Amino acid sequence: MDRLDKIDWQILKQLQQNAKTPQSAIAKVVGLSAPAIADRIRRLEDRGIIQGYQLAIDSEPLGYQLHAIIHLRAFVGMLKPFLEKVKSLKEVRNCYRVTGNENIIMEVVLRDQRHLEKLIDLLISYGETRTHIVLSQVIKNAPIQRPHFN
């Protein structure tokens, strides 16, 4: 696969900061024409590097006062059933299957402690849980950037 050049990385940085940035504005930042930017974006999409454009929503004004990270260590034979069930859990924002003592790490949003308790009650039928309440987010959606070392 072709490597990205400096301009491709600059385009990705601009789009990760704001996916609605006009191509003309990106063109000014990187020193190319808007049609050249459009062509590069199209190539990045065709290569699967840009996979889509998403809306970022703050969950707190929607009534979700708790943000938590839940680790799950699945019981023997319960990982596959859990992987199917988790797809239907509306509280789950992100779910990762990982190596280590736990099989799963989930990022969830919840209305309150009772909501958390109900979710944990459901999860414990699949395995042991460990829950961490998020106090604040230190880094949020940091852009993937060109590495310093290749």
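The C-beta contact set for the stretch 25-42 (first residue in a helix (DSSP H, G or I), second residue acidic (Asp, Glu), distance under 7 angstrom, 6+ apart or interchain) comprises Arg40/Asp8. Filtering Arg93, Arg97, Arg73, Arg43 for residues that are out of contact with any Pro (no Cβ under 9 Å at 6 or more places or on another chain) and under 22 Å from Gln145 (Cα atoms) leaves a single hit, Arg43.
Checked against (1) touching a residue at least 12 places away in the same chain (Cβ under 8 Å); (2) under 21 Å from the mean Cα position of the chain (by Cα), Glu45 passes all but condition (1).
Residues that are among the aromatic types (Phe, Trp, Tyr), out of contact with any Cys (no Cβ under 6 Å at 6 or more places or on another chain) and not assigned by TED's automatic domain parsing to the domain that holds Glu117 do not occur anywhere in the stretch 64-80. The set of residues in the stretch 67-83 that are of a type in the set (Val, Ile, Thr) and surrounded by fewer than 18 Cβ atoms within 10 Å (Cβ to Cβ) comprises Ile69, Val76. Take Tyr53 and decide whether it is of a type in the set (Phe, Trp, Tyr) and either touching an Asp or Glu at 6+ places or on another chain (Cβ under 7 Å) or in the same structural domain as Glu128 (by TED's automatic domain parsing) (or both). No.
Looking across the stretch 84-113 at every residue that is in contact with a strand residue (DSSP E or B) (Cβ under 9 Å, 6 or more places away or on another chain) and in a helix (DSSP H, G or I), the one that is surrounded by the fewest Cβ atoms within 10 Å (Cβ to Cβ) is identified as Lys87. Going by what's in this entry, would Tyr64 be described as of a type in the set (Phe, Trp, Tyr), surrounded by 15 or more Cβ atoms within 10 Å (Cβ to Cβ) and out of contact with any helix residue (DSSP H, G or I) (no Cβ under 8 Å at 6 or more places or on another chain)? It is true that Tyr64 is of a type in the set (Phe, Trp, Tyr), surrounded by 15 or more Cβ atoms within 10 Å (Cβ to Cβ) and out of contact with any helix residue (DSSP H, G or I) (no Cβ under 8 Å at 6 or more places or on another chain).
Scoring Glu128 on the criteria (1) over 18 Å from the mean Cα position of the chain (by Cα); (2) within 30 Å of Arg3 (Cα to Cα) leaves a single failure, condition (2). Do we have Ile26 as crowded, with 16+ Cβ neighbours inside 10 Å and either within 23 Å of the chain's Cα centre (by Cα) or of a type in the set (Gly, Ala, Ser) (or both) here? So Ile26 does not fit the description; no.
Is there a residue in the stretch 119-135 that is out of contact with any Leu (no Cβ under 9 Å at 6 or more places or on another chain), on the phi > 0 side of the Ramachandran plot, in contact (Cβ under 8 Å) with a residue 12 or more places away in the chain and not in a strand (DSSP E or B)? No, the conditions are met nowhere in the stretch 119-135.
The values are calculated or read from the model by the stated rules, or taken from the named source; none is laboratory data. Keep in mind that this is a model prediction, so the values were computed, not measured. In this analysis, Cβ positions are derived from the backbone assuming ideal geometry, glycine residues included, and neighbour counts consider all displayed protein chains.
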